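Below is one structure; the comments refer to it alone.
The values are calculated or read from the model by the stated rules, or taken from the named source; none is laboratory data. Predicted model only: the values in this text are computed from it and were never measured. We place every Cβ from the backbone using ideal geometry, glycine too, and count neighbours over all the protein chains shown. When the accessible area is computed, the model is the full protein with side chains, heavy atoms only, and any ligands, DNA or RNA have been set aside. Shrake-Rupley method; radii C 1.70, N 1.55, O 1.52, S 1.80 Å.
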Amino acid sequence: MATARVKEILSWYAGENPGVLANLARLMNSGKLAGTGRFVILPVDQGFEHGPARSFAPNPPGYDPRYHFHLAIDAGCNAYAAPLGFIEGGAAEFAGDIPLILKLNNHDSLAPDGSDPTPSVTGSVQDALRLGCAAIGYTIYPGSAQFQGMYEVLAELSREAKACGLAVVVWSYPRGSGLSKEGETAIDVTAYAAQIAAQLGANVIKVKPPTGHIEQAEAKKVYEKEKIPVGTLAERVKHVVDSAFGGRRIVIFSGGAKGSDEKVFEECRGIREGGGFGSIIGRNSFQRPKPEALKFLAECMKIYA
Amino acid sequence: MATARVKEILSWYAGENPGVLANLARLMNSGKLAGTGRFVILPVDQGFEHGPARSFAPNPPGYDPRYHFHLAIDAGCNAYAAPLGFIEGGAAEFAGDIPLILKLNNHDSLAPDGSDPTPSVTGSVQDALRLGCAAIGYTIYPGSAQFQGMYEVLAELSREAKACGLAVVVWSYPRGSGLSKEGETAIDVTAYAAQIAAQLGANVIKVKPPTGHIEQAEAKKVYEKEKIPVGTLAERVKHVVDSAFGGRRIVIFSGGAKGSDEKVFEECRGIREGGGFGSIIGRNSFQRPKPEALKFLAECMKIYA
Amino acid sequence: MATARVKEILSWYAGENPGVLANLARLMNSGKLAGTGRFVILPVDQGFEHGPARSFAPNPPGYDPRYHFHLAIDAGCNAYAAPLGFIEGGAAEFAGDIPLILKLNNHDSLAPDGSDPTPSVTGSVQDALRLGCAAIGYTIYPGSAQFQGMYEVLAELSREAKACGLAVVVWSYPRGSGLSKEGETAIDVTAYAAQIAAQLGANVIKVKPPTGHIEQAEAKKVYEKEKIPVGTLAERVKHVVDSAFGGRRIVIFSGGAKGSDEKVFEECRGIREGGGFGSIIGRNSFQRPKPEALKFLAECMKIYA
Amino acid sequence: MATARVKEILSWYAGENPGVLANLARLMNSGKLAGTGRFVILPVDQGFEHGPARSFAPNPPGYDPRYHFHLAIDAGCNAYAAPLGFIEGGAAEFAGDIPLILKLNNHDSLAPDGSDPTPSVTGSVQDALRLGCAAIGYTIYPGSAQFQGMYEVLAELSREAKACGLAVVVWSYPRGSGLSKEGETAIDVTAYAAQIAAQLGANVIKVKPPTGHIEQAEAKKVYEKEKIPVGTLAERVKHVVDSAFGGRRIVIFSGGAKGSDEKVFEECRGIREGGGFGSIIGRNSFQRPKPEALKFLAECMKIYA
Amino acid sequence: MATARVKEILSWYAGENPGVLANLARLMNSGKLAGTGRFVILPVDQGFEHGPARSFAPNPPGYDPRYHFHLAIDAGCNAYAAPLGFIEGGAAEFAGDIPLILKLNNHDSLAPDGSDPTPSVTGSVQDALRLGCAAIGYTIYPGSAQFQGMYEVLAELSREAKACGLAVVVWSYPRGSGLSKEGETAIDVTAYAAQIAAQLGANVIKVKPPTGHIEQAEAKKVYEKEKIPVGTLAERVKHVVDSAFGGRRIVIFSGGAKGSDEKVFEECRGIREGGGFGSIIGRNSFQRPKPEALKFLAECMKIYA
């Protein structure tokens, strides 16, 4: 039976059909954080995004797609997210063991594309269904010159996914010629990215932990006039969560580049304190030996429990 | 039973099927202005268009999508219009309480697009149907280099919507490299924008209150030769309403940027006097505390009643 | 019963299905010229193409879409042609009173498009069917850099229309960066434009009255060598009609910009003398008071009768 | 009953369904060359490609689409090929009298397109079926910057046509910014063009008679090393026929620009001697009085008989 | 009955439906290497890619599509891969004699495309089915500016093929403006290319034998830090095979340009030693007399047996 907290969260999605609600419930009722409404998700798309050696050489068992299923299951993650090939590589063997999120678009770093990323659609709702997934994943890059295509494809895939009862998880990563480098993680931009994802119908929104920088002049005036507190990570997380429909959408935060564990834990505490719903942690999880990874993830989950 | 005025207005749309007529009637038979053929509509797409802080920080309850449903219902608006996420955020809870207009395209201000806006299609007729909406909304930017795509997508969505019995509301906002800044609200351009929307099959047309400026040289000759009066707002509104099929299309006017209440009321009086059908007022409504907003909207409605 | 002349003309279209033949017959059996195989058609797309004030301020009743239905019916035109909105504005009220041609693409003059026009597809075959039309209308601009899209969309719409029993009327207006200004109405270019429309499957072809100018060097050699007579309008009309399958396609001529009535009548006489099938006269008809317009159109019809 | 030669040729197409085989047989069992496996085809697309005066003024009866049906039938051609309008102009009247090839793409010379031709798709497989055609025709321009679109559309149309039992005739005319003017008819380029058409699934391939010029440096090395004989037209034709699957595809040659009859006959002899399957002769046929044309075509056929 | 090795390999593809598994089994149970899990495949797409003379003049029987069926069957290859025309040229005659791979995209060298290849889609899944193929083949060029279109079309074709029970073979050839010439075969780039193909859902991956060069600065750091051995071909092959899901995807290597036989055999030994699954050898096979080719291929197979 769903806990009161899970039921409360589901109530925010009353506009969705029972299939989507059931899959959102599956995400919230799996793993060590089951029933808490908190999330720690394992995403492994770096093989596609950065190449295999950069991704898996630090911990070679990770070349094998089954490794990540084992890791996510043994760690008690809420879900495992990956591109088509990696999901195909274990979906049958681990059928029913953990909710899966099929990432439907991806980008590689061999491409000569300059500053505006143009991810390719590499999977479909039909793939997600045949592989037994609970949700689709999709990345948008607000601020990119290619935004229109990304938003429109997301709108279509999202519609198709929801009609099939799948939940929709959106990675909203501002990047592109509309933004400065610093602006990609600015608080105003991150909050805006969460809002865009929510307006596009995302059920779960993933953003990067924001900095205190404010990118847009028009926004800066408002932050100052309205005295929106953005000094601490917790304050910034709260503002981002507010920006996703007043806290009525699940917003989780990426674990970022590989760093010291304590830095990650500190970040998790800030996210929890600000009302964030959890973390999605890739490189910090799978680029170390499995026992260490399990210990590390257990610590993260303890913070959110 | 529909009033004589509502029946008269419906008679202008004899080309539409009964489903569309019924939804037009729903828009006219809801709220405080029911039966008058006048409109005050609450639109909330600023979260997508300008970002969450700029939109909702001045009145933080507005971060929550339910707030705007409550506001529109309590104020007695004819309808509430918003993008997909905001409609999904309350459509179930407030099912049947107020006619909804799903805005099918939107634009954000993180994009690096320069002077020619390229809104993304972020929702569908199917979304409007599953969410119980009475109409779809769509924005065109006449004068933009991207006009062709916008007009053609509107033509398709409009056809699909009408076939499903949904009404079609078009925001016609001239903007882009074909126009000067001043020209965006010029009287000739605004009248032309209303004509284009009407020719594209719009049932309800939303334009900005026009200024007395005349943008196009060829048009200027005609305005002068034919002595078309455009000195007062009422005269200009009358000319715009005439330009939308001799007054046989519902034309409403945007409430504009946040200004003094008296200025807005003055504008409403001009619109009413010129034969306009009402106002669609966003920021002036939801960016203030709810009691003040209700008072403000009541005053607007009193003018139109 | 169809006259011998109507039957003869229909025999040229033996490749079409009975539905198309019936609609061609409707066009030829309506109005004052019924049975003669001649045409005077009222087209009103200027509201979209030039804006409402430039189109309707000279005769303000024309803002109302019903005005043009009345005008075409009272004058005894063969058909009335207009964009979606204008047809929707009267199709129910005047159902069955006059054959309608739904213009499926249109262009506005707010757009910043330079020399190569890119009309938008603003209606569909389905619209033409639901509105009870006899034919679709479509404009191509041979010589435009955008020709490929226009031809291919026409090919598709034409196929769809004919399969539904609708006739296809093509406005073939050379214009764009492939041509000089003078070349747009050159005799070789106009004849070529008629040929292209015919090869694309047009049932009725509308071109502009050609001048004696010859645009293309390769063509000039042939005109001189073969001594093709193009000195008078009648000779040029004959050559254009020949160029449309040896006279076996209905070719009509636009009434051009507003001019003196006598000039228009002179042109009609030239068209008739050269074997042209009639005129399609917009601005010269609807931009004057209705009594004058009826008198003017009656005179044109008398020439063709 | 099919002759042994026809049966042999059909055996090369064992991969096709019986519908396609039957239509290939129709092409080979029609006209004076019936049963020989040789072809003389009448193509008339010059009206679209060069304009009506340049095409038909030298022999004015050719303005009428019926003229070309009569000419092809009376001359005993294997087939008649033309764009949509010209086929529509006689398909009913001459139903069953001669196999028809509907040319599905065409290009006009009013377009401002420079060196890379971009033909428009102006007909469909559905058109070919409703008009009772035996085959579709399609032109590709290897060497054009637009090659990708042309090849992909051909692949789709070809698939659709074959599924409906229609044969596929491909005009493979190298042209565009990838080639020098001389290279357009170079022997290596022509042979390559035949190979591309064959690989794309063409049943009948039409190329221009090649010159002895070799365009590509990499190819030149091979021609010299392998001592491929390309000195005479017969040798070049043999090499082109070899290049189309070792002689197991029907390859025919265009009759070229208007020239002296003896030059054409000489070319036909070279084609026959080299193992070519025949000629497709447009301007040299229809741009002279019909009696002369019949005599001329009879002479061509005598060479191939 | 499948051997233990074949069963083991099939177990890696547990995510696929039985149709795909059966076709993968067909590939592994055919020819001299049946049951070993090793592959020698004959590909013949050079006619399309390089032109007929450069491809077939060195051994003229190869102009005939049947030659390559005979060669592949007589040599005991696992499969024969070619574009549409070449497969159509023998699919009926050799039905059931050898598994076929229909290459769905191809590129020719007449095109003026510069450094970023843009292959055309020249066949379909439907073609593969009607021709009795076991798999589709598709080439991607990571590093090309056109990557997005290629990946997305592969994703769609792959989905369609698998749904129909066809296996998917991907040629992953880095090339384009994102890479230096040397980088096209760099070890990091080749490993990345194998990873991308695997993530896109390829069942069989074909790459070029990698050199020891490392192209990307970010990757170089990792190769050095993690001391990934890339000194010998066997080490590099092992790294590439690891990079394709830890050895759980079939990775085969191209036979490269024509070279001395001993060099090819040496390469085969390196591939075998590194755990590669075999070779796909075109020009070195079909550009010599058949008896020599059979001897050459027998030697290659002996190495892998």
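Rounded to the nearest 5, what % of DSSP beta bridges with both residues in the stretch D:37-129 are antiparallel?
Antiparallel: roughly 25 percent of the beta bridges in the stretch D:37-129.
With the label 7 angstrom out along Cα to Cβ, how close does A:GLY212 come to the same site in each of the other copies, in nm, nearest first?
5.2, 5.2, 8.4, 8.4
Under a 1.4 angstrom probe, counting protein chains only, how are C:ASP74, C:ASP64 ranked by accessible area, largest first?
Solvent-accessible surface, decreasing: C:ASP74, C:ASP64.
Report the FRET efficiency, 1/(1 + (r/R0)^6), for C:ASP116 and E:MET1, where r is their Cβ-Cβ distance and R0 is 60 Å, rounded to 0.05.
Efficiency for this residue pair is about 0.35.
Would you mind listing the distances between the D:LYS295 label point and the same position in each other copy? Use 7 Å along Cα-to-C-beta, nm, one decimal, shortest first.
Going from nearest to farthest copy, the values are 6.4, 6.4, 10.3, 10.4 nm.
For a quick check of understanding: with a 1.4 angstrom probe and all protein chains in place, what accessible area in square angstrom does B:LYS103 have, to the nearest ten?
Answer for B:LYS103: close to 10 Å² accessible.
Using a 1.4 angstrom probe on heavy atoms only, work out the carbon and sulfur share of the accessible area of chain C in %.
52 percent
Express in Å², to the nearest 10, the accessible area of A:PHE86 obtained by rolling a 1.4 Å probe over the protein heavy atoms while all chains stay in place.
Accessible surface of A:PHE86 is approximately 0 Å².
Average partner chain C-beta neighbours within 10 Å, per residue of E:115-128?
Per residue, the average neighbour count from other chains is 4.
Output wanted: per-residue J couplings in Hz (rounded whole) for the stretch B:155-170, from phi through Karplus 6.51 cos²θ - 1.76 cosθ + 1.60, θ = phi - 60°, x for Gly and Pro.
4, 5, 5, 5, 4, 5, 5, 4, 4, 8, x, 8, 7, 10, 10, 10
Would you give the gap between the C-alpha center of the stretch C:91-155 and the C-alpha center of the stretch D:127-195, rounded to a whole Å?
After rounding, the separation between the Cα centres reads 30 Å.
Once you've got the GNM for chain A with C-alpha springs shorter than 10 Å, pick whichever of A:PRO142, A:PRO83, A:PRO18 has the biggest mean-square fluctuation.
Among A:PRO142, A:PRO83, A:PRO18, the largest GNM mean-square fluctuation belongs to A:PRO18.
Given 4 °C and 1.567 mPa s, how large is the Stokes-Einstein diffusion coefficient of chain B in µm²/s, with Rh as the Kirkwood radius over Cα pairs?
67 µm²/s
Near D:PRO209, within a Cβ-to-Cβ distance under 13 Å, what is the net charge of the other residues, with Lys and Arg +1 and Asp and Glu -1?
Summing Lys/Arg as +1 and Asp/Glu as -1 gives +2.
For the stretch B:117-243, what relative contact order do you get, as a whole percent, if you take Cα pairs closer than 8 Å and at least 6 residues apart?
Normalised by residue count, the contact order of the stretch B:117-243 is 22 percent.
Quick one: Karplus J couplings for the stretch B:274-281, per residue in order, coefficients 6.51, -1.76, 1.60, θ = phi - 60°, nearest Hz, x for Gly and Pro?
Result, ordered by residue: x, x, x, 9, x, 10, 10, 10 Hz.
For a test of the definition: using alpha carbon positions, the gyration tensor, and the 1.5 limit on a/c, classify the protein assembly as shown as rounded, prolate or oblate.
Oblate, because a/c is 1.5 or more while a/b does not exceed b/c.
Using a Gaussian network model of chain B whose springs link C-alpha atoms within less than 10 Å, name the residue from B:ALA219, B:ALA198, B:ALA145 with the highest mean-square fluctuation.
Highest fluctuation of the listed residues: B:ALA219.
So for chain B, averaging the separation of alpha carbon pairs under 8 Å that are six or more residues apart and normalising by length, what relative contact order in percent results?
So the answer I get is 18 percent.
When chain A is modelled as a GNM with alpha-carbon springs shorter than 10 Å, which of A:LEU200, A:LEU102, A:LEU24 fluctuates the most?
A:LEU200
Among bridges DSSP assigns within the protein assembly as shown, what percent are antiparallel (round to 5)?
In the protein assembly as shown, approximately 5 percent of DSSP beta bridges are antiparallel ones.
Sequence gap at least 6, Cα distance under 8 Å: using those rules, report the relative contact order of the stretch B:1-155 to the nearest whole percent.
20 percent
Give the accessible surface of the stretch E:245-305 per residue, rounded to a whole number of Å², with probe radius 1.4 Å and ligands, DNA and RNA excluded.
37 Å²
Say R0 is 45 Å: what FRET efficiency, to the nearest 0.05, do B:LEU294 and C:ASP97 get from their beta-carbon distance?
Approximately 0.35, to the nearest 0.05.
D:PHE265 to E:CYS164: FRET efficiency via 1/(1 + (r/R0)^6), r the Cβ-Cβ distance, R0 51 Å, to the nearest 0.05?
Plugging the Cβ-Cβ distance into 1/(1 + (r/R0)^6) gives 0.45.
Mind checking Rg over Rh on the stretch A:118-187, alpha carbons, Kirkwood formula for Rh?
We get a ratio of 1.05 for the stretch A:118-187.
Quick query: amide H of B:ILE250 versus all other amide H atoms, modeled in the peptide plane; which residues come in under 5 Å with a sequence gap of 5 or more or a different chain?
Residues meeting the amide H criterion: B:ILE205.
Based on the inverse mean of 1/r over its pairs of different Cα atoms, what is the Kirkwood hydrodynamic radius of the stretch A:214-302, in Å?
About 14.4 Å, per the Kirkwood formula over Cα pairs.
Hey, for D:PRO60 with labels 7 Å out along Cα-Cβ, what do the inter-copy distances come to in nm, ordered shortest first?
5.4, 5.4, 8.8, 8.8
Can you work out the Karplus-derived ³J(HN,Hα) for every residue in the stretch E:75-88? Use 6.51 cos²θ - 1.76 cosθ + 1.60 with θ = phi - 60°, whole Hz, and x for glycine or proline.
6, x, 5, 6, 6, 10, 10, 7, x, 3, x, 5, 6, 4
How much net charge surrounds A:LEU157 when only the other residues with a Cβ under 14 Å from the Cβ of A:LEU157 are counted, with Lys and Arg +1 and Asp and Glu -1?
-3
Just grab the label-to-label distance for B:GLU224 and E:GLU156, each label 7 Å out from Cα along the Cβ direction, in nm (one decimal).
5.4 nm
Take the Cα pairs of the stretch C:159-205, get the Kirkwood Rh, then feed it into Stokes-Einstein at 4 °C and 1.567 mPa s and tell me D in µm²/s.
111 µm²/s
Using only protein heavy atoms and a 1.4 Å probe, how much accessible area in total is buried between D and C, to the nearest 100 Å²?
About 3100 Å² of accessible surface is lost on pairing.
First select every other residue whose beta carbon is under 12 angstrom from the beta carbon of C:PRO229; then total the charges, Lys and Arg +1, Asp and Glu -1.
-1
Using only atoms on other chains, find how many Cβ atoms lie within 10 Å of each Cβ of peptide A:275-285 and report the average.
0
Could you list which residues have their amide H under 5 Å from that of E:ILE280, counting only those 5 or more apart in sequence or on another chain, with H placed in the peptide plane?
Residues meeting the criterion, in which the H sits 1.01 Å from N, are E:ILE41, E:PHE253, E:SER254, E:GLY255.
Averaged over peptide A:178-191, how many Cβ atoms belonging to another chain are found within 10 Å of each residue's Cβ?
Counting Cβ atoms of other protein chains within 10 Å of each residue's Cβ and averaging gives 2.
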